[in-house]
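No value in this document is a laboratory result; all are computed from the given coordinates. Quick caveat: nothing in here was measured; it's all calculated off a predicted structure. As a convention, Cβ positions derive from the backbone with ideal geometry for all residues, glycine included, and neighbour counts pool all protein chains shown.
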Amino acid sequence: MNPKVKEFREYREKMNEKILSKNNLVIKRIYNIDTNTYQEGALSTREKELMGLVASMVLRCDDCVKYHLETCYNIGLNTDQIMEAFSVANLVGGTIVIPHTRRALEYWEALQEE
């Protein structure tokens, strides 16, 4: 497994466990809403994940970008589809998104090394 992918997964899992172990009802509900939002509905999970990826890039949240890239990878999206999502994010977010696109592509390539 690529070290970048391994490090992100382990850290995310460890910290999510710690956060959820504090038994805060609001945080648990937010996590639940997040999970349920990306389920199949009028929009497919693929469409929702691409929207989440673009929004995360525009908001410049690298952890969120990695999360959505992992899901996109796991549900079978390809590099051309990801690059089109990147192009939408750069159009909407402007050139400030370019550094996040670099890191996103680096992480996407790391996922593909698995």
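Summary of values
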quantity	calculated
Neighbour cut-off at most 11 other Cβ (10 Å), DSSP loop, GluC sites (Glu not before Pro), segment 1-90	E40
Distance (nanometres) between label positions extended 7 Å along Cα→Cβ at L91 and Y11	3.2 nm
FRET efficiency, 1/(1 + (r/R0)^6) with R0 30 Å, evaluated for E40 and C61 via beta carbons	0.80
Of R102, R60, R46, the one that fluctuates the most in a GNM where the chain has Cα springs shorter than 10 Å	R102
The chain: Rg to Rh, with Rh as the Kirkwood radius over Cα pairs	0.98
³J(HN,Hα), Karplus 6.51/-1.76/1.60, whole Hz, each residue of segment 102-114, x for Gly, Pro	4, 5, 5, 5, 4, 5, 4, 5, 5, 4, 6, 6, 5
Value at 222 nm in deg cm²/dmol, rounded to 500, when DSSP H runs of n ≥ 4 in the chain each add -39,500 (n - 2.57)	-25500 deg cm²/dmol
Length added when fully stretched, L105-Q81, from 0.36 nm per residue minus Cα-Cα	7.4 nm
Isolated Cys residues of the chain, judged by Cβ distance under 4.7 Å to other cysteines	C72
